[in-house]
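J.: Structure provided below as structure tokens; questions to follow.
The values are calculated or read from the model by the stated rules, or taken from the named source; none is laboratory data. What you see is a predicted model, and the numbers here were worked out from it, not measured in a lab. Every residue, glycine as well, gets a Cβ built from its backbone with ideal geometry; the counts of neighbours run over all protein chains shown.
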Amino acid sequence: MTEIRPLHLRLPSLGLAVIGGSLGTAAREAIGLVVADRAGIPVAILGINLLGAFCLGLLLSGLSRLGPDAGLRQKVRILVGTGFMGGFTTYSALATDTASLLGDGRIGAGLAYGLGTVVIGGLATWAGIAVASTRANRGVR
């Protein structure tokens, strides 16, 4: 009896995740270089994480409405969801930026930035899911 490797250990899936992740990381870096901090708040990372949360909710909800996680849908999920969005969003930078703000004595800004990103990110994900649901109910693909 042959053992089937889990999806995350299969080379084609790893390749898709690496390609998507590389592109997502490059996109994040490009935005970070163009968008300056505002009053010491890293708004580029904030925007990236919120946009990423919305897009991930939209993508995964949309894909799930199209059928089982197999074939092309699975490849898109791995390339765009796991790969691109995983490289694009950055919760390690969120944690570092929050710690820096707190360490600089900007307690209110640090707490608002850290907690706000997580709470608004959750709402952004919900909004992405809602948009996908609305589109599905209207028959838009």
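J.: Answer yes if at least one residue in the stretch 85-95 is more than 14 Å from the chain's Cα centre (by Cα) and surrounded by fewer than 14 Cβ atoms within 10 Å (Cβ to Cβ), and no otherwise.
T.: Taking the stretch 85-95 as the starting set, the residues that turn out to be more than 14 Å from the chain's Cα centre (by Cα) are 95.
Now drop any that are not surrounded by fewer than 14 Cβ atoms within 10 Å (Cβ to Cβ), which leaves 95.
Yes, because at least one residue in the stretch 85-95 is more than 14 Å from the chain's Cα centre (by Cα) and surrounded by fewer than 14 Cβ atoms within 10 Å (Cβ to Cβ).
J.: Checking ALA70 against (1) surrounded by fewer than 20 Cβ atoms within 10 Å (Cβ to Cβ); (2) at pLDDT 95 or above; (3) farther than 30 Å from GLY110 by Cβ, only one condition comes out false. Which one?
T.: Failing condition for ALA70: (2).
J.: State all residues of the stretch 28-63 that are surrounded by 19 or more Cβ atoms within 10 Å (Cβ to Cβ), under 30 Å from ASN137 (Cβ atoms) and among the small types (Gly, Ala, Ser); if no residue qualifies, say none.
T.: GLY52, ALA53, GLY57, SER61, GLY62, listed by residue number.
J.: ARG135 - would you say it is closer than 26 Å to PRO12 by Cβ, modelled with pLDDT under 95 and surrounded by fewer than 20 Cβ atoms within 10 Å (Cβ to Cβ)? Write out each step before concluding.
T.: On the way: closer than 26 Å to PRO12 by Cβ: no; modelled with pLDDT under 95: yes; surrounded by fewer than 20 Cβ atoms within 10 Å (Cβ to Cβ): yes.
For ARG135, the condition - closer than 26 Å to PRO12 by Cβ, modelled with pLDDT under 95 and surrounded by fewer than 20 Cβ atoms within 10 Å (Cβ to Cβ) - is not met.
To keep it simple, each residue is scored yes or no on (1) closer than 30 Å to GLY62 by Cβ; (2) assigned to a helix (DSSP H, G or I); (3) in contact with a helix residue (DSSP H, G or I) (Cβ under 8 Å, 6 or more places away or on another chain).
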| residue | (1), (2), (3) |
| --- | --- |
| LEU111 | no, yes, yes |
| VAL119 | yes, yes, no |
| THR125 | yes, yes, yes |
| ARG135 | yes, yes, yes |
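J.: Here is a further query. Every residue in the stretch 8-27 that is at pLDDT below 90 and either closer than 23 Å to ASP97 by Cβ or loosely packed, with under 13 Cβ neighbours inside 10 Å (or both), please.
T.: Of everything in the stretch 8-27, those that are at pLDDT below 90 and either closer than 23 Å to ASP97 by Cβ or loosely packed, with under 13 Cβ neighbours inside 10 Å (or both) turn out to be HIS8, LEU9, LEU11, PRO12.
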